[in-house]
Amino acid sequence: MQAVARTSRAPTMPVSNRGMLARVLLSGLAISRVFAQGTTTDPAVLDACPGYTASNVKVNGGTLTASLTLAGKACNVFGTDIASLSLEVVYETVNRIHVKITDPNDARYEVPESVLPRPSSANPVNPKSAAIKFNYTTSPFTFAIQRTSTNEVLFSTASHPIIFEPQYLRVKTNLGANANIYGLGEHTNDFRLDPDNTTLTLWSRDAYGVPTGTNLYGNHPVYFEHRSTGTHAVLLLSSNGMDIKLTKGALEYNVIGGVLDFYFLAGSTTDPTQAAIQYAEVVGLSAEVPYWSFGLHQCRFGYQNYIDVADVITNYSIAKIPLETMWTDIDYMDRRRIFTVDPDYFPLDRMREIVEYLHGQNQHYVLMTDPIVGYLPGEGYGPFDRGTAADVWLKNANGSDHLGLVWPGVTVWPDWFSPNAQDYWNNEFNLFYNPETGLDIDGAWIDMNEPSSFCDLPCDDPFAQAIQQDLPPARSTSPPPPDAPIFQNTPPVRKRDNLLTPQYSINNAAPGGNLSSKTAYTDTVHANNLTEYDAHNLFGTMMSVATHGAMLARRPGLRTLVITRSTF
């Protein structure tokens, strides 16, 4: 960006009496529409709100601060407009500008640093060296992010006043025609979002079937815009619920709390991946995963017993399909209670036998673990009793345990912000997944963590609803014999070599040096079960033989010539 430099201010124009009357009438209209139709509000109504005026602007190197004051009669559309705000703009890197608008008189919610550590703003860069720049007008206050090299506008609130109320924040930016917008997950809309008619709601929800156009399980308030002139990204760092609306020529945030905490990422004019790299510099990289996790996995809901699980593993071997990891859903649990196994259908000793078999074949096992702990006081259910002793449950406002209704019936949830929560969770994993006495899993599948509850509002009596909904559900089949044989007549599994990246690396001059670079993947299997890893160097000669035979077949009795590039 360029300097935190001021740009030319928009001329201040007097508001006519007719204009003032229109603004008042529109404010009233907004209120009536809001309460009558919920979130259905004419954008023109919101655009008629007064916005803010910037004053006390101070620039100190790569940092700009200012005071924002309500510029006219409050709209009070979803609450009382906050009269005074604070603006801080920091050029954190040459490719990133951090813009934050807060209420200086009230400590509003922000995503905790313990959940998402932020990159430091302590050493701003010189704005003159930045790839993007922050420009603004003071009256009314608007701001824009532009590419320094071309002055191309990437984000602009011009003509769209900021609205900042206790439980409603609104920022709207102009978009070019037919904009290429990606991101704003989680959704099942088209990969490239419809720029003219899309509303995305960010609010975690147990969304069975992942229906298009609805809020789903996760939330990622970042978008990437790809243009012929480059690709950039915008992150609104907020975990509050929000609607993000794409309409002709605009993108609008409607947030129900928190602060306005934007990161503008320059991306690149030539390399779209740079925007993603810069995004990762803010939110962090994904955790590294084991190599085996990239293999073939088997997962489903509905295994009836341990024999089902073992048979699936056996059938993969019989079919010569390379199974890397077996997964099991909540079927294995005793009455759907986490950190348990059903003693009749999935007895511990037989489940341990399955895990040991997999590990003996250099295969892996993943089990589901939910965050829902059965509310079972006095019943000797260890995970509940230990969590109660550690005081880790999510609480109601009056301090009582917050009760929900999920698979095991009435439940409580760990409060992950509790100082004892991590130790509690570590202990439960160490007890149940103990290699010596429990199930030595290789990975964890966690679910129902929106968190999900089956209780219909107002949920005054989850115990009654548990009975009505038959939770936990009863088994529909009889248990298998506890000593039924498993893994019988299973063909031996060849110890799988590292066919892609062996420990010794030959001096392959192909790009990157990988054996599969610019050729067939070396874990490819031929019809006779040889791998390309072993037979690779035979390919040219075998083609020569086949071609020679084909030429003789088409011209019987005549000699032929075959010239080959690769030989053995």
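The values are calculated or read from the model by the stated rules, or taken from the named source; none is laboratory data. For clarity, every value in this text was computed on a predicted model and none was experimentally measured. Here the Cβ positions follow ideal geometry from the backbone for every residue, glycine too, while neighbour counts run over all protein chains shown.
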Let me confirm something: among Thr201, Thr212, which residue is assigned to a strand (DSSP E or B) and among the polar types (S, T, N, Q)?
Thr201
Among the residues that make up region 488-496, is at least one of them modelled with pLDDT of 90 or more, exposed (fewer than 11 other Cβ atoms within 10 Å of the Cβ) and not in a helix (DSSP H, G or I)?
no
Tell me whether region 83-95 contains one or more residues that are of a type outside the set (Asp, Glu) and modelled with pLDDT under 95.
no
Which condition number in (1) over 25 Å from Ala130 (Cβ atoms); (2) at pLDDT 95 or above; (3) of a type in the set (Lys, Arg) is the one that Arg108 fails?
(2)
Report every pair of residues separated by at least 6 positions or lying on different chains whose Cβ atoms are under 6 Å apart, first residue within region 114-138 and closer than 27 Å to Leu285 by Cα and in contact (Cβ under 8 Å) with a residue 12 or more places away in the chain, second among the small types (Gly, Ala, Ser) and assigned to a strand (DSSP E or B).
Ala131/Ala266; Ile132/Ala266
Give the number of residues within region 210-234 that are over 13 Å from the mean Cα position of the chain (by Cα) and touching a residue at least 12 places away in the same chain (Cβ under 8 Å).
15
Looking at Ser476 and the list (1) hydroxyl-bearing (Ser, Thr, Tyr); (2) more than 30 Å from Ser317 (Cα to Cα); (3) out of contact with any Gly (no Cβ under 8 Å at 6 or more places or on another chain); (4) not in a helix (DSSP H, G or I), which single condition is not satisfied?
(2)
Tell me, which residue of region 245-269 that is modelled with pLDDT of 95 or more and among the β-branched types (Val, Ile, Thr) is surrounded by the fewest Cβ atoms within 10 Å (Cβ to Cβ)?
Thr247
Quick one: count up the residues across region 183-202 that are on the phi < 0 side of the Ramachandran plot and either within 14 Å of the chain's Cα centre (by Cα) or at pLDDT below 95 (or both).
8
Considering only residues that are among the charged types (D, E, K, R) and buried (at least 19 other Cβ atoms within 10 Å of the Cβ), look in region 347-371 and name the one that is nearest to Thr411 (Cα to Cα).
Asp370
When the residues of region 408-419 are narrowed to those that are in contact with a Gly (Cβ under 9 Å, 6 or more places away or on another chain) and of a type outside the set (Ser, Thr, Tyr), which ends up surrounded by the fewest Cβ atoms within 10 Å (Cβ to Cβ)?
Val410
Considering only residues that are without any contact (Cβ under 8 Å) to a residue 12 or more places away in the chain and not charged (D, E, K, R), look in region 55-70 and name the one that is surrounded by the most Cβ atoms within 10 Å (Cβ to Cβ).
Asn56
Subset of region 142-176 that is among the β-branched types (Val, Ile, Thr) and not in a loop (DSSP other than H, G, I, E, B) - its residue that is farthest from Asn254 (Cα to Cα)
Val153
Go through (1) farther than 30 Å from Leu348 by Cα; (2) touching a residue at least 24 places away in the same chain (Cβ under 8 Å) one by one and return the number of the condition Ala280 breaks.
(2)
Residues of region 375-410 that turn out to be closer than 30 Å to Glu113 by Cβ, under 27 Å from the mean Cα position of the chain (by Cα) and either assigned to a strand (DSSP E or B) or aromatic (Phe, Trp, Tyr) (or both), as a count
3
Considering only strands (runs of 3 or more DSSP E) wholly within region 71-141, the ones with at least 3 residues that are surrounded by 15 or more Cβ atoms within 10 Å (Cβ to Cβ) and hydroxyl-bearing (Ser, Thr, Tyr) are 84-93, 132-138
Any idea how many residues of region 270-292 are within 24 Å of His220 (Cα to Cα) and surrounded by 10 or more Cβ atoms within 10 Å (Cβ to Cβ)?
14
Check region 345-353 and report whether any residue there is under 13 Å from Leu367 (Cα atoms), at pLDDT 95 or above and in contact with a Leu (Cβ under 9 Å, 6 or more places away or on another chain).
yes
Looking at Ala179, Ala207 in this structure, which one is in a loop (DSSP other than H, G, I, E, B), within 25 Å of the chain's Cα centre (by Cα) and crowded, with 20+ Cβ neighbours inside 10 Å?
Ala179
Can you give me the number of residues within region 315-339 that are over 29 Å from the mean Cα position of the chain (by Cα) and buried (at least 18 other Cβ atoms within 10 Å of the Cβ)?
3
Confirm whether Leu184 is farther than 20 Å from Ala266 by Cβ, outside any loop (DSSP other than H, G, I, E, B), among the aliphatic types (A, V, I, L, M) and in contact with a strand residue (DSSP E or B) (Cβ under 6 Å, 6 or more places away or on another chain).
no
